[in-house]
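See structure below.
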Amino acid sequence: MGRLFGTDGVRGVANADLTAEMALGLSVAAAHVLAEAGTFEGHRPKAVVGRDPRASGEFLEAAVVAGLASAGVDVLRVGVLPTPAVAYLTGELCADLGVMLSASHNAMPDNGVKFFARGGHKLADELEDRIESVYEEHRTGAPWDRPTGAGVGRVRAYEEGSERYVAHLLSVLPNRLDGLKVVLDEAHGAAARVSPEVFQRAGAEVVTIGAEPDGLNINDGCGSTHLDKIKAAVVEHGADLGIAHDGDADRCLAVDHTGAEVDGDQILAVLALAMRERSVLRSETVVATVMSNLGFKLAMEREGIRLVQTAVGDRYVLEEMKEHGFALGGEQSGHVIILDHATTGDGTLTGLLLAARVAQSGRTLADLAGVMERLPQVLINVPDVDRTRVGTSAELSAAVADAERELGETGRVLLRPSGTEPLVRVMVEAADIEQARSVAGRLADAVKSALG
């Protein structure tokens, strides 16, 4: 069996790849592994379970709850809430684990199971591996001690979860949003109720789109992966800015008053300066991945803020932040982590803090985001090559060196092997888009020649 856990939990087509039986079995295994790891510390274990509005989440939630309760875990069902809300409540309620059912920005037929450890933190790779191992043992017939009588877990709805999360978000705002008009695109997803509520209670005039989930329309032509609707709505309503979430609201992209996109790099730049001004940007450092735009790196250097870069993936950003105590990090895709207030990317929190900066500064988002210039990026996937030799091919190294000399200090080359497929991603940035395309094309040919 291949590894079930990907970069963000276990995902697949619901009821085909991700079945009720699998969800139940994974939940039992997670309870056993976390208990063995000492997470439960001798008391009756407790779990927080939430989901996004996908139709498949209804039966998968039932399976997860059944699995946990059958393993002796008390379950608090928080219903439809964003992933960061489940993470927050796991920590706030001193639960031993949290479970979120969502496939984030994926299309509706998909779903996923994501586990959080005590405190609302993502599981380390070794714990995921152990959960998979125990799951496979149980799946192939290994017996396990099943509690009976009073030993089985109890299940109850925790309807206060939404209010506690909203109150938390309001408590960390540095200033109110009075006078701002904001368009929110909720992707017909998990934040469709809580995000408009918190923006309104913070003082903003709110226009919502994509906020009518029916179980089937999540991410369907809306949200952070489809920005055309929110761009048009911001201009139509004369709004100051727009905030777009994905299905589980752990990411945020923005739109300025002209309808122009503001991506995750620009959001990080705006928040980094705002946090430094408030003396909460620890070590005056921001963490981002190697895929961040070169314009972001140049802007941070110019502003005297140190940039630490990691491998691609918000989990690597988070690991770097936790290890060194940094306060801000994220990805170009809109996963932004404010570690003082969240243990994972939180799209609603990010949007609130971005809007707060606009309100506090009296400047437009377009002006604030202008702190960095996004250099053109060209990305080419080169399939059917030996990705394992990217770092050892002398021919390819020479081609990269030639490209870097041509681009100089205003350009960048990145070759990134896929983690799962026989392909290499070629990314080139340059101030001149035609130069970037030309260099990327030649490098793609070099990859084929050297690794094909």
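A few remarks follow.
- Residue list for the stretch 284-332, filter: surrounded by fewer than 23 Cβ atoms within 10 Å (Cβ to Cβ), closer than 17 Å to Glu429 by Cα and not hydrophobic (A, V, I, L, M, F, W, C): Thr289, Gly295, Lys297, Gln309, Gln332
- Scope the stretch 181-205; condition touching a residue at least 24 places away in the same chain (Cβ under 8 Å), in contact with a strand residue (DSSP E or B) (Cβ under 7 Å, 6 or more places away or on another chain) and open to solvent by less than 30 Å² (accessible area, probe 1.4 Å); matching residues: Val182, Val183, Leu184, Asp185, Glu186, Ala187, Gly189, Ala190, Ala191, Ser195, Phe199, Ala204
- Pick from the stretch 276-308, criterion assigned to a strand (DSSP E or B) and at pLDDT 95 or above, ranking: farthest from Leu375 (Cα to Cα): Thr285
- Test: Val317 is touching a Gly at 6+ places or on another chain (Cβ under 7 Å) and free of Cβ contacts under 8 Å to residues at least 40 places away in the same chain: yes
- Once the stretch 57-79 is narrowed to residues that are over 24 Å from the mean Cα position of the chain (by Cα) and part of a strand (DSSP E or B), the residue that is farthest from Gly161 (Cα to Cα) is Asp74.
- For first residues located in the stretch 376-395 and touching a residue at least 60 places away in the same chain (Cβ under 8 Å), partners that are part of a loop (DSSP other than H, G, I, E, B) and surrounded by 16 or more Cβ atoms within 10 Å (Cβ to Cβ) and lie 6+ apart or on another chain with Cβ distances below 8 Å form the pairs Gln377/Asn293.
- Strands (runs of 3 or more DSSP E) completely within the stretch 80-193 that count 3 or more residues being within 23 Å of the chain's Cα centre (by Cα): 97-101, 110-117, 181-185
- Qualifying residue in the stretch 377-387 (condition: assigned to a helix (DSSP H, G or I) and open to solvent by less than 80 Å² (accessible area, probe 1.4 Å)): yes
- Test for Gly408: is it of a type outside the set (D, E, K, R), modelled with pLDDT under 90 and open to solvent by 70 Å² or more (accessible area, probe 1.4 Å): no
- Answer from Arg51, Arg118, Arg130 - the residue that is under 16 Å from Asp8 (Cβ atoms) and open to solvent by 10 Å² or more (accessible area, probe 1.4 Å): Arg51
Here is a yes/no grid of residues against (1) open to solvent by 40 Å² or more (accessible area, probe 1.4 Å); (2) in contact with a Phe, Trp or Tyr (Cβ under 6 Å, 6 or more places away or on another chain); (3) part of a helix (DSSP H, G or I):
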site	(1), (2), (3)
Val400	no, no, yes
Glu421	yes, no, no
Met427	no, no, no
Glu434	yes, no, yes
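- Residues of the stretch 90-105 satisfying the condition of being open to solvent by 40 Å² or more (accessible area, probe 1.4 Å) and either in contact (Cβ under 8 Å) with a residue 60 or more places away in the chain or touching a strand residue (DSSP E or B) at 6+ places or on another chain (Cβ under 7 Å) (or both): Glu92, His105
- All positions within the stretch 317-347 that are closer than 15 Å to Leu268 by Cβ, out of contact with any Pro (no Cβ under 9 Å at 6 or more places or on another chain) and either part of a helix (DSSP H, G or I) or aliphatic (A, V, I, L, M) (or both): Val317, Leu318, Glu320, Met321, Ala327, Leu328, Val336, Ile337, Ile338, Leu339
- The one condition from (1) in a helix (DSSP H, G or I); (2) in contact with a strand residue (DSSP E or B) (Cβ under 8 Å, 6 or more places away or on another chain); (3) modelled with pLDDT under 90; (4) not acidic (Asp, Glu) that Leu414 does not meet is (1).
The values are calculated or read from the model by the stated rules, or taken from the named source; none is laboratory data. Worth saying up front: this structure is predicted, and the values here are computed from it rather than measured. With ideal geometry, Cβ positions are generated from the backbone for all residues, glycine too; neighbour counts draw on all protein chains shown. Heavy atoms of the whole protein, side chains included, go into the accessibility calculation; ligands, DNA and RNA do not. Shrake-Rupley method; radii C 1.70, N 1.55, O 1.52, S 1.80 Å.
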